[in-house]
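Everything on this sheet refers to the single structure shown next.
The values are calculated or read from the model by the stated rules, or taken from the named source; none is laboratory data. Since we're looking at a predicted model, the values are computed, not measured. As a convention, Cβ positions derive from the backbone with ideal geometry for all residues, glycine included, and neighbour counts pool all protein chains shown.
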Amino acid sequence: MLFGMALLLSTAHCAVVDGPAVFHVKDFGAAPNGPGDAGPAIRAAIAAAMEVDGPAVVRLDAGAYRVGMARGETNALPIRKAKQLTVQGVGKETCILITEPSAGGFFLENCVDISLKDLRIDYDPLPFTQGTVAAVAEGGQWFELRCDEGYLAPDAPCFSAAQAPWGLVVSEVPQGGERFGPIPVWTDTWKMVDEGRWRCTLKAGKTLANTGMRPGARFVYMARRYFASAVMSVTSRKVTMEGISINASPATASIWVKNENVTIRGLLVERPSGSGRLLSTNADGIHNLGNRGTLFIEDCSFEAMADDAINIHARAAVALEQHAPNRLLVHTGGTTTFRAGDHIQIYDPEEGRVRAERIEVMEAEEKEKGLLLTFEAPVETVVTGTSFRNADHVFNLDACGAGAVIRGCTFGLHRGRGILVKTIGCRIENNVFRNREGWGVAIHQLQDWGEGPAAQDLLIRNNRFEGMGTGGAPFIDIRPSNRANAPAGGRPVRNVRIEENRMIRPHRGVLRAWAVQGLTFSGNTIEDAPASAFPLIHLFEGGGFVVRGCQIGS
């Protein structure tokens with residue numbers, strides 16, 4: 001009865017002529033800047049908007065809305081099977097403040113034509129703690145941390161529930177700005193020494209060597225999870241995220257799984273100004289796997305994450321059984337899909353080679369043990385097994401973010417790579433990279449993660465790469481490998497064009513490429529290259545290299 005009253009009230013306040021119906025969360029009792037949980041009222045407004053036959057907008061005013069986890073859910077704002085729905089604030093002044101540090105934020109599932117616009121997502125309490133190192137064991141097996149005031153103690157429940165218990169030393173460097181790790185500090189137990197001071201012992205076999213840990217160092221410890229993200233979208237079509245700022249997240253800022261036609265514009269992953277926080281999100285800025293159709297990432301900005309800014313790939317299906325030369329039983333793991341008409345790449349991770357390229361799927365049939373794929377043509381013997389570690393990898397070329405466009409973005413200081421790309425036909429244009437670790441664009445074949453396909457037909461053009469005086473990698477790093485982490489024998493990465501980029505102060509060179517067939521490096525400008533034992537351009541174990549029209553100077 002109460003929900004019905006809310007629906008009637010909302011209808012009286014929505015514009016139904018010459019535009020979408022508009023539902024104001026305040027009409028459902030969601031008041032900004034209040035101490036209570038605004039989640040039920042916001043979810044009621046969304047539910048009412050979903051009843052409209054046509055486009056609808058849920059409006060949030062300026063202010064902070066405290067939102068707890070929805071009952072029976074692991075997310076604060078789940079939205080399922082919505083059509084033609086927009087949830088919109090008024091900019092950064094509209095803040096969704098999630099009050100459970102292990103919870104995801106917006107969770108979109110099986111939606112069509114859905115948009116999130118013009119709002120900010122933050123957490124209170126935060127899904128990490130931070131402080132200053134007070135002592136370090138001589139052998140590096142433990143350290144003591146004095147936590148900053150206002151942050152959770154490291155024995156809080158969210159840390160016990162963490163799926164990846166580790167932290168980072170965050171250090172100021174003479175060249176300006178911060179360095180985030182990059183080496184993880186894998187923790188085991190925390191014990192309070194005195195009020196606000198905690199002793200951390202490390203996982204067996206781990207030490208603090210090379211982590212930068214010392215008394216006085218600043219340290220952040222994360223309640224890191226795998227899928228509890230500020231924004232997560234699964235199996236949805238025509239999804240837009242525009243003008244969203246994300247200040248914290250237990251996992252990635254945003255994760256996109258098996259969607260179709262995604263636009264991400266104006267995403268800001270950042271710490272609030274003057275907050276004193278060491279970190280923004282516990283993992284990537286944008287993690288995209290298994291996307292079909294278009295993928296546009298434009299005018300975004302990334303800083304202070306504990307992992308990569310953008311990761312685009314398909315998750316591999318595991319080759320289980322070869323029933324015939326053209327029939328293969330695979331296990332998808334729930335993170336990839338196959339349909340009749342799709343095209344697949346079969347990758348041999350042992351040698352690092354493409355076993356079969358762009359083979360069409362004629363039929364995909366559900367079986368008790370997995371999915372039985374029938375191909376248009378026979379495939380040479382496939383290595384079958386039980387996991388990514390002992391079987392061939394099967395990638396869907398039509399569901400890997402193919403044709404992704406990344407342009408106009410700024411990649412600030414964070415831990416990890418700017419763009420980790422394992423797809424085909426990707427265009428990376430007009431971006432600025434200031435990644436401390438050196439990896440602006442990384443084309444790495446991650447065997448144990450089962451990520452791919454082997455990248456092909458990539459364009460990296462008109463970007464600005466700025467070295468920051470530290471880091472162990474070149475601006476562009478192309479390293480498809482075999483299981484022994486040596487250059488892939490089959491030269492699986494092909495046809496990469498690197499054109500008209502401006503590369504300033506490279507610390508470890510501008511380009512390293514191995515096991516690539518067909519690479520053109522043309523019209524690029526290299527400025528202020530320091531004297532170094534590392535070559536500016538390092539090409540080996542490949543073929544079809546062209547270097548022309550480049551300028552090197554001050």
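The table below lists the values:
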{"item": "Test: residue 490 is in contact with a Pro (Cβ under 9 Å, 6 or more places away or on another chain), farther than 26 Å from residue 336 by Cβ and not assigned by TED's automatic domain parsing to the domain that holds residue 182", "result": "no"}
{"item": "Filtered residue count, the stretch 299-326, keeping only those that are touching a Leu at 6+ places or on another chain (Cβ under 9 Å), more than 29 Å from residue 124 (Cα to Cα) and not polar (S, T, N, Q)", "result": "9"}
{"item": "Among the residues listed as 355, 407, the single one being closer than 18 Å to residue 454 by Cα, touching a residue at least 24 places away in the same chain (Cβ under 8 Å) and surrounded by 14 or more Cβ atoms within 10 Å (Cβ to Cβ)", "result": "355"}
{"item": "Spans of strands (runs of 3 or more DSSP E) in the stretch 306-372 with at least 3 residues of a type in the set (Val, Ile, Thr)", "result": "353-366"}
{"item": "Residues of the stretch 473-523 classified as at positive phi and modelled with pLDDT under 90, total", "result": "1"}
{"item": "Qualifying positions in the stretch 369-404 - of a type in the set (A, V, I, L, M) and in contact (Cβ under 8 Å) with a residue 40 or more places away in the chain", "result": "371, 372, 373, 377, 379, 382, 383, 391, 394, 397, 399, 404"}
{"item": "Number of positions in the stretch 59-78 that are under 21 Å from the mean Cα position of the chain (by Cα) and either crowded, with 23+ Cβ neighbours inside 10 Å or over 23 Å from residue 20 (Cα atoms) (or both)", "result": "4"}
{"item": "Subset of the stretch 31-40 [more than 18 Å from residue 107 (Cβ to Cβ) and either out of contact with any strand residue (DSSP E or B) (no Cβ under 9 Å at 6 or more places or on another chain) or surrounded by 19 or more Cβ atoms within 10 Å (Cβ to Cβ) (or both)]", "result": "32"}
{"item": "Sole residue being in contact (Cβ under 8 Å) with a residue 24 or more places away in the chain and not in a strand (DSSP E or B), chosen from 131, 150, 167, 139", "result": "139"}
{"item": "Criterion: more than 18 Å from residue 434 (Cα to Cα) and either buried (at least 18 other Cβ atoms within 10 Å of the Cβ) or among the hydrophobic types (A, V, I, L, M, F, W, C) (or both) - qualifying residue of 486, 529, 473", "result": "486"}
{"item": "Single condition residue 335 does not satisfy, out of (1) out of contact with any strand residue (DSSP E or B) (no Cβ under 8 Å at 6 or more places or on another chain); (2) at pLDDT below 95", "result": "(1)"}
{"item": "Any pair with Cβ under 9 angstrom, 6 or more apart, that starts in the stretch 72-89 at a residue that is over 26 Å from residue 101 (Cβ atoms) and ends at one that is polar (S, T, N, Q) and not in a strand (DSSP E or B)", "result": "81/110; 82/110; 82/236"}
{"item": "Enumerated strands (runs of 3 or more DSSP E) restricted to the stretch 193-288, each holding at least 3 residues that are touching a Leu at 6+ places or on another chain (Cβ under 9 Å) and either without any contact (Cβ under 8 Å) to a residue 24 or more places away in the chain or under 30 Å from residue 62 (Cβ atoms) (or both)", "result": "231-234, 237-246, 254-257, 260-265"}
{"item": "Residues of the stretch 215-247 that turn out to be surrounded by fewer than 22 Cβ atoms within 10 Å (Cβ to Cβ) and at pLDDT below 95, as a count", "result": "2"}
{"item": "Residues satisfying the stated conditions in the stretch 47-58, i.e. crowded, with 21+ Cβ neighbours inside 10 Å and either among the small types (Gly, Ala, Ser) or under 26 Å from residue 126 (Cα atoms) (or both)", "result": "48, 49, 56"}
{"item": "Selection status of residue 267, crowded, with 20+ Cβ neighbours inside 10 Å and over 24 Å from residue 178 (Cα atoms)", "result": "no"}
{"item": "Residue within the stretch 298-316 that is crowded, with 24+ Cβ neighbours inside 10 Å, out of contact with any Gly (no Cβ under 9 Å at 6 or more places or on another chain) and β-branched (Val, Ile, Thr) present", "result": "no"}
{"item": "Test: residue in the stretch 178-186 that is within 19 Å of the chain's Cα centre (by Cα) and under 21 Å from residue 37 (Cα atoms)", "result": "no"}
{"item": "Subset of the stretch 417-434 (residues that are small (Gly, Ala, Ser) and either within 18 Å of residue 335 (Cβ to Cβ) or surrounded by 23 or more Cβ atoms within 10 Å (Cβ to Cβ) (or both))", "result": "418"}
{"item": "From 100, 149, 172, residue being surrounded by fewer than 17 Cβ atoms within 10 Å (Cβ to Cβ), of a type in the set (D, E, K, R) and within 21 Å of residue 283 (Cα to Cα)", "result": "172"}
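Every residue, every condition in (1) farther than 29 Å from residue 484 by Cβ; (2) at pLDDT 95 or above, yes or no:
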residue: 356; (1), (2): no, no
residue: 359; (1), (2): no, yes
residue: 365; (1), (2): yes, yes
residue: 368; (1), (2): yes, no
residue: 380; (1), (2): no, no
residue: 383; (1), (2): no, yes
residue: 389; (1), (2): no, no
residue: 394; (1), (2): no, yes
residue: 401; (1), (2): no, yes
